[in-house]
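Engineer: Once you've had a glance at the structure underneath, I'll fire off some questions.
The values are calculated or read from the model by the stated rules, or taken from the named source; none is laboratory data. Given the structure is predicted, the values throughout are model-derived calculations rather than measurements. FYI the Cβ positions are ideal-geometry reconstructions off the backbone, even for glycines, and counts take in every protein chain you see.
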Amino acid sequence: MLKCPYCQVEISTRTEVCPLCHAKLSDAGNTREDMKKTELAYPKRGKLPFLSGNLFDKIYLLFWFAFTAVFVLTESLLTGHARICWVVSSLMLYLYLLLRITLRGGSYFPQKITAHAVLLSVVVYTFSGVLPEPIVIFEFILPAVYLVSLLAICVFIAINYKHPDRYLLNIISIGLLSALPFLIVMLTDSHANPIMSAVTLSIGVSAIAVTVIFKARHIVNELKRKFHV
Ligand SMILES: [Zn+2]
């Protein structure tokens, strides 16, 4: 039994602060021995090993491995060098890490993704001065980032289908961001390749359209909640 040296209350379960006066118990009065002898209030939480593969891990990683192998082989055979396959493969791995960390990490995943996409845009834009052809950022890099972010949020909503409303604004913000690379490519460089950014634009716009058509009322409610109207 532990005893609080300040208010003299007896505490029957192991704790580090007195439940009555909130004084730290290990400071005075009680030794480590006393602490050890007293029963824990709650059973200790077992550690979760990082790679304790569940079904999702096994399926995704197997698919990723097979996909990468086939892609590398095909690209090397067809073009003589393997380049695009590594980009796609690392994007898939990146998506996996994002999902993996947050499947155990709880909610607010779409918010994290949205913030991540915005941050990545800033980082990439900052580095654009270093590249010999900065337009490549708007041709390929940012469209890919937004596409992956949008996909990740949709997968998350599909898994958490009980409360999709909270994440609608994230879809809309990423959808709006998706239009940016295409506009920049169109406005700045007439020789640029617009295919990737156009694909991202159309997927972003359709995501916004689907969200607005099916969830217009919820979006208004979310906006009111966010801005306390
Ligand atoms: Zn006390």
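Engineer: Looking for something at pLDDT 75 or above and away from the ligand (no atom under 16 Å from the Cβ) - is there at least one such residue anywhere in the range 4-26?
Structural biologist: Scanning the range 4-26, I find no residue that is at pLDDT 75 or above and away from the ligand (no atom under 16 Å from the Cβ), so the answer is no.
Engineer: Right, next: Report yes if residue 213 is at pLDDT 85 or above and in a helix (DSSP H, G or I), otherwise no.
Structural biologist: Here the answer is yes, as residue 213 does meet what is asked.
Engineer: Quick one: residue 166 ticks every box in (1) under 18 Å from residue 226 (Cα atoms); (2) not in a helix (DSSP H, G or I) bar one, so which box is it?
Structural biologist: Against the list (1) under 18 Å from residue 226 (Cα atoms); (2) not in a helix (DSSP H, G or I), residue 166 comes up short only on (2).
Engineer: I'd like to verify a number: residues in the range 64-84 that are touching a residue at least 12 places away in the same chain (Cβ under 8 Å) and either within 19 Å of residue 97 (Cα to Cα) or among the charged types (D, E, K, R) (or both), how many?
Structural biologist: Qualifying residue count, the range 64-84: 3.
Engineer: With respect to residue 205, determine if the residue is over 19 Å from residue 99 (Cβ atoms), surrounded by fewer than 17 Cβ atoms within 10 Å (Cβ to Cβ) and of a type in the set (Val, Ile, Thr).
Structural biologist: Details: over 19 Å from residue 99 (Cβ atoms): yes; surrounded by fewer than 17 Cβ atoms within 10 Å (Cβ to Cβ): yes; of a type in the set (Val, Ile, Thr): yes.
Criteria met by residue 205.
Engineer: Considering only residues that are surrounded by fewer than 18 Cβ atoms within 10 Å (Cβ to Cβ), aliphatic (A, V, I, L, M) and farther than 10 Å from residue 204 by Cβ, which ones fall in the range 161-183?
Structural biologist: If the condition is that a residue be surrounded by fewer than 18 Cβ atoms within 10 Å (Cβ to Cβ), aliphatic (A, V, I, L, M) and farther than 10 Å from residue 204 by Cβ, then 183 is the only one that fits.
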